[in-house]
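In what follows, a structure is listed as structure tokens, so that the remarks can point back to it.
What follows draws every value from the coordinates through simple rules; no lab data is involved. Fair warning: this is a prediction, and the values are worked out from it, not measured in the lab. Every residue, glycine among them, receives a Cβ derived from its backbone with ideal geometry; neighbour counts consider all protein chains shown.
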Amino acid sequence: KAPQPKPKEKPQPKSTTPEAPGIPAEPKVKSPTGWVALAVDGDHQVYWWKDHKFVKQMPLSMGTDKHPTPNGVYHTMEKYRDMYMDSSTYGVPIDSPEGYRTYVEYATRMSNSGIFIHAAPWSVAQQGVSNASHGCLNVSTENGKWVYDNIGTGTPIVVRGTIGPAFDG
């Protein structure tokens, strides 16, 4: 009797289920650094993957309803070990009720419109709980330093679930 060919197995689609309970699926975006982040407003967390392996989760606070963080795909740009953030750079005078001039550490730019992921020790109580920023992604000093030290230029950071508009790049 002639040998029968083995039936070909159908390729199975790659699962997008999370690797661990409570961890969302990695966003399907290209990354020149191997790193990908997902900031989720619903649970006030940012999740990090490296080469498609989940690495880290950190609590965050994004923009308030009055100053929401736009949804979309950002890419990391330059980094500042420390800097002053000033509301007058986007038209809000620093002496107005919504104005500010604040010293921050470990700031990584995500947009040319002034959105950064940065250390915000003043909002640690809100991180993981509620939104308290003017649009930036606020994290603890330890987590801001981790981003500053580990995440290279061009890394995509996907923001989902805010009441903000779509990020237009």
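Backbone geometry of segment 96-104 corresponds, through the Karplus equation with coefficients 6.51, -1.76 and 1.60 at θ = phi - 60°, to 3J(HN,Hα) couplings of 8, x, 9, x, 7, 9, 10, 7, 10 Hz, x marking Gly and Pro. Dividing the mean sequence gap of close Cα pairs (under 8 Å, 6+ apart) by how many residues the chain holds gives a relative contact order of 30 percent. For segment 108-118, backbone phi angles converted through the Karplus equation (6.51, -1.76, 1.60; θ = phi - 60°) give residue-by-residue couplings of 10, 5, 10, 8, 6, 8, x, 8, 10, 9, 8 Hz, Gly and Pro being listed as x.
DSSP bridge analysis restricted to the chain gives an antiparallel fraction near 75%, rounded to the nearest 5.
Segment 41-130: which trypsin sites (Lys or Arg not before Pro) are DSSP loop and have at most 11 other beta-carbon atoms within 10 angstrom?
Values: sites: Lys50, Lys53, Lys56, Lys66, Lys79, Arg81, Arg101, Arg109; in loops: Lys66.
The qualifying sites are Lys66.
Potential lengthening of the chain between Ser113 and Asp65 amounts to 15.5 nm, from the contour at 0.36 nm per residue minus the alpha-carbon distance. Evaluating 6.51 cos²θ - 1.76 cosθ + 1.60 at θ = phi - 60° for every residue in segment 84-89, the Karplus couplings come out as 9, 9, 9, 5, 5, 5 Hz, glycine and proline recorded as x. Legend: calculated FRET efficiency, Thr102 to Lys30, from the Cβ-Cβ distance at R0 = 22 Å, rounded to 0.05, equals 0.10. For the residue pairs Lys28/Lys53; Lys28/Lys79; Lys53/Lys79; Lys28/Lys66; Lys50/Lys145, the C-alpha atoms sit more than 19 angstrom apart in Lys28/Lys79; Lys53/Lys79; Lys28/Lys66.
Given the rule -39500 (n - 2.57) for each run of at least 4 DSSP H residues, summed and divided by the residues of the chain, what is its mean residue ellipticity at 222 nm, to the nearest 500 deg cm²/dmol?
It comes out at -1500 deg cm²/dmol, rounded to the nearest 500.
Please give the length that would be gained between Ile94 and Lys145 if that part of the chain were fully extended, namely 0.36 nm times their separation in residues minus their C-alpha to C-alpha distance (nm, one decimal).
Details: separation 51, 0.36 × 51 = 18.36 nm, distance 2.68 nm.
Difference between extended and current length: 15.7 nm.
Can you classify the chain as rounded, prolate or oblate using the Cα gyration tensor, where a ≥ b ≥ c are the square roots of its eigenvalues, rounded means a/c under 1.5, and otherwise it's prolate if a/b beats b/c and oblate if not? Before the final figure, lay out each step's value.
Working: a/c = 2.60, a/b = 2.45, b/c = 1.06.
Since a/c reaches 1.5 and a/b is larger than b/c, the shape of the chain is classed as prolate.
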